[in-house]
Amino acid sequence: MITTPLTKNVHEDRRVVLVEDYEANGGYQGARKSITQMTPSECLQVIKDSNLRGRGGAGFPTGMKWSFVPMDNVSPGHKYLVCNADEMEPGTFKDRLLMECDPHQLIEGMICGSYTIQADIAYIFLRGEYVKAAETLSQAIKECYAKGYLGRSIMGTNYSLDLYLHTSAGRYICGEETALINSLEGKRANPRAKPPFPQVSGLWGRPTIVNNVETLCNISHILDHGPEWFQELGIGEDAGTKMYGVSGNVQNPGCWELPIGTTIREILEVHAGGMLPGYSFRGLLPGGGSTDFLVEEHLDLAMDYGTIGKAGSRMGTGTMIILDDKTCPVGMVKNLIDFFAHESCGFCTPCRDGLPQTAHILQDMSSGKGESRDIENLERLVKFIGSIGNTHCALAPGAMEPLQSAMKYFPEDFERHAKGKKCNYCETD
Amino acid sequence: MNNSVNSLSTEELSAIDEELEHAPYRSAVAIDALKIVQSHRGWVSDSSIKEIANYLEMSSEELDSIATFYNLIFRRPVGENVILFCDSVSCWIRGCAKLEKHINKTLGITRGQTTEDDKFTLVPVPCLGACDKAPVMMVGDSLHENLTEESINRILEDAAVKGKER
């Protein structure tokens, strides 16, 4: 019984899993089974039944996303599957591991996914800085063509698929799926208006599915072992495993594949080894820089989509960032808002102008120039920028999540800074 | 880094042609073409923008709007090694601000600047996805983890001797 499907092949020293070893360990059986023995609609049903939800942050059910792709031949032409390998959410370092260590797992997942939606072209949209992943993936793609897993008549069937690796030229916004599509088309990465949704009209106006690396890595295992096996891997209401991570001032920062629904406390205290000596826990961002803070009272919650959502945050990417007692929450939020202000695509006003305004206030506060009206102004900005519908995409509302929750859980720090006081833990320039 | 040569080289053109083989129209490979030219010349000059735009049958204004959008496309000359310094949240918690000041002092440059000997350019970069090894930075194509002032000194000395990576 496999309990860690995503990392079962990963070597301790993180050297790449060779194709021979991947195959010897059950690799390409999921693809073979689906392409040679199952119809696309049977594959789709298995993924739907598995209850797999998108691992990129939003948690949308993968099978449902795929079911929106038109499967008739009324409008003949290309269909695309795109892997979102643009991992850039602050504090997120899970997809890098999956691609550097076991590239064939991702490619096999993409073959299965492409077959399910009957895509004939697939892309991996990889961030430019992931040089090692670009090497491991390029090599793996070559091996797949040589072995007949990609190209014409895959595994002796009449199914054909071409897969290309696109290395990006930067910008966080490319991780937004419609911005990613614009970037793949060679344009500026401004998000598109939805509808139409990419599943119907995406890359070059054709049906397109965009999925995160970790999501796609699950696909071949689900098709090989079945939806019941996958559901049993999870502890609570969600199915499968999750790549959880912890960064910050902890004993053993890292990334581990654990049953989805493992508690925050277990991840933080058992796997990450708890706080470093001399530091105590104050709070955490559960799934990257655009999720709301959680605090001590939330430590025994299960890290799954529903539970973390009910607590007022989001599981996001599942890689948590720990706030300790020697790091100022105002300074930490300032760092995050600076990031989002810098990464705004500039298309809509609340994001382009509102985020720098927010950053400016936080800069003054953290450098000892805070004023009593700052908190009220921040609250107003959170209200305007943070409301979905006021902005063109989710970047700016996401940026408001850590700010609004920091103001809620750490009011004393904001009040201290609003009195123009300097802080022991904030940079003073 | 001779940027007075305007026309695209045979190597650059054949690499762009390879991308064009699976593109539905020429301007679709704009970003790939910018990256190809930059990999040969270190940066993308005004004349390169014109050359690439002509080749892809688009206006140079449109291509420049794309080139200036992406932070890994350099529209000004850069040093032999570009330092991509991560200043995102996990690295910040682990003290990257102090380390950036150390680089500023050691190399005599701040963000966006190039050393006088053209060895290094310093630019910030969004989270490099190695947060368990924070603080981190890239020098050329190499990722450096668990940075300290001492390790940064060593990394910069090695890179200055070795010259351009790859």
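You will find that of B:ILE73, B:ILE52, the residue that is closer than 15 Å to B:THR121 by Cβ, within 14 Å of another protein chain (Cβ to nearest Cβ) and either crowded, with 17+ Cβ neighbours inside 10 Å or in contact with a strand residue (DSSP E or B) (Cβ under 8 Å, 6 or more places away or on another chain) (or both) is B:ILE73 and no other. For A:GLU214, the conditions (1) closer than 24 Å to A:ILE321 by Cα; (2) out of contact with any Lys or Arg (no Cβ under 8 Å at 6 or more places or on another chain); (3) within 14 Å of chain B (Cβ to nearest Cβ) are fulfilled apart from (2). Pairing each residue of region A:231-258 that is away from chain B (no Cβ under 12 Å) with any residue that is of a type in the set (Phe, Trp, Tyr), provided the two are 6+ apart or on different chains, yields C-beta distances under 7 Å for A:ASP238/A:TYR305; A:ALA239/A:PHE230; A:GLY240/A:PHE230; A:LEU258/A:TYR244.
Listed residues A:PHE340, A:PHE414, A:PHE347, A:PHE410; which is touching a strand residue (DSSP E or B) at 6+ places or on another chain (Cβ under 8 Å), surrounded by 15 or more Cβ atoms within 10 Å (Cβ to Cβ) and either outside the structural domain of A:GLU89 (by TED's automatic domain parsing) or of a type in the set (Phe, Trp, Tyr) (or both)? Let's see the steps before the verdict.
Details: A:PHE340 fails: touching a strand residue (DSSP E or B) at 6+ places or on another chain (Cβ under 8 Å); A:PHE414 fails: touching a strand residue (DSSP E or B) at 6+ places or on another chain (Cβ under 8 Å); A:PHE347 fails: touching a strand residue (DSSP E or B) at 6+ places or on another chain (Cβ under 8 Å).
Checking each option against the conditions leaves just A:PHE410.
If the condition is being in a strand (DSSP E or B) and either surrounded by fewer than 22 Cβ atoms within 10 Å (Cβ to Cβ) or more than 14 Å from every other protein chain (Cβ to nearest Cβ) (or both), then region A:284-297 contributes only A:LEU294. In region B:123-145, the residue that is farthest from the other protein chains (Cβ to nearest Cβ) out of those that are outside any loop (DSSP other than H, G, I, E, B) and of a type in the set (Val, Ile, Thr) is B:VAL139. Taken over region B:83-119, the criterion of being charged (D, E, K, R), more than 14 Å from chain A (Cβ to nearest Cβ) and within 15 Å of the chain's Cα centre (by Cα) is satisfied by B:ASP118, B:LYS119. Considering only residues that are touching an Asp or Glu at 6+ places or on another chain (Cβ under 8 Å) and among the aromatic types (Phe, Trp, Tyr), look in region A:159-214 and name the one that is surrounded by the fewest Cβ atoms within 10 Å (Cβ to Cβ). By that ranking, first place goes to A:TRP204. Exactly one residue out of A:GLU100, A:GLU108 is of a type in the set (D, E, K, R), crowded, with 24+ Cβ neighbours inside 10 Å, modelled with pLDDT of 95 or more and in a helix (DSSP H, G or I), and it is A:GLU108. Within region B:23-43, does at least one residue satisfy the condition of being aromatic (Phe, Trp, Tyr), surrounded by fewer than 17 Cβ atoms within 10 Å (Cβ to Cβ) and within 11 Å of chain A (Cβ to nearest Cβ)? Within region B:23-43, one or more residues are aromatic (Phe, Trp, Tyr), surrounded by fewer than 17 Cβ atoms within 10 Å (Cβ to Cβ) and within 11 Å of chain A (Cβ to nearest Cβ).
The values are calculated or read from the model by the stated rules, or taken from the named source; none is laboratory data. All values derive from a computational prediction rather than experimental measurement. Using ideal geometry, Cβ is built from the backbone for each residue, glycine included, and neighbour counts are taken over all protein chains shown.
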